[in-house]
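What follows is calculated from the coordinates using simple rules that are stated; it is not laboratory data. Just so it is clear, the structure is predicted and the values come from calculations on it, not from any experiment. Glycine also receives a Cβ, built like all others from the backbone with ideal geometry; neighbour counts cover every protein chain displayed.
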Amino acid sequence: MRKDLKKFIIYAIFVFITGFSAYFYYGYYQSSQYDGTVIPYIQEVLPEISTWDPEIVKQYLAPAVLRTVTDEDLTKIMGALAKIGELQSIGEVKFKKKATGGAGDLVQQPVITYTVTAQYSTGEAIVTLSLLDKGGSYDVFHFNFKSDALFK
């Protein structure tokens, strides 16, 4: 009986390690598909978004997003985010996930999400950018800024 328990534990550990490894390999595989094109795009688009100018930001947003956000709402959002200050530098860019789906004309289009550490004049911010993959080029689908400056 004890021998069977030992075999079961070894088997369970093996399955856990294999599954854990496959999960990280799959994440690495997805990341490697996009890093060469997405990271330069992020390094281009983040300084543009960080001007906090709604007209500039609109140039980078996916058409489906533009249909759901009014000019007034975008102006309010950019005004609030302007509290973060001026972009000083872009730090580490990390792949987070790849998802597929959406509604309407976005069904089955990949959305790639990255997190970026960035230094602004008020301090560090963590930026999450979700990009709509248009087959080699990208549109900003979603962005989020986490900064202490937004809570002051």
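Data for the structure
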{"item": "Listed pairs Lys94/Lys152; Lys7/Lys94; Lys6/Lys98; Lys58/Lys146; Lys98/Lys146 exceeding 30 Å between Cα atoms", "result": "Lys7/Lys94; Lys6/Lys98"}
{"item": "The stretch 37-151: antiparallel DSSP beta bridges as a percent of all, rounded to 5", "result": "95"}
{"item": "For the stretch 49-66, 3J(HN,Hα) per residue [Karplus equation, 6.51 cos²θ - 1.76 cosθ + 1.60, θ = phi - 60°, Hz, x = Gly/Pro]", "result": "4, 6, 6, 6, 9, x, 5, 5, 4, 4, 5, 9, 6, 5, x, 5, 6, 4"}
{"item": "Cβ-defined net charge surrounding Thr113, 9 Å radius [Lys, Arg +1; Asp, Glu -1]", "result": "+3"}
{"item": "Prolate/oblate/rounded call for the stretch 37-151, Cα gyration tensor, a/c under 1.5 rounded", "result": "oblate"}
{"item": "Whole-Å distance, taken between Cα centres, linking the stretch 78-97 and the stretch 130-146", "result": "14"}
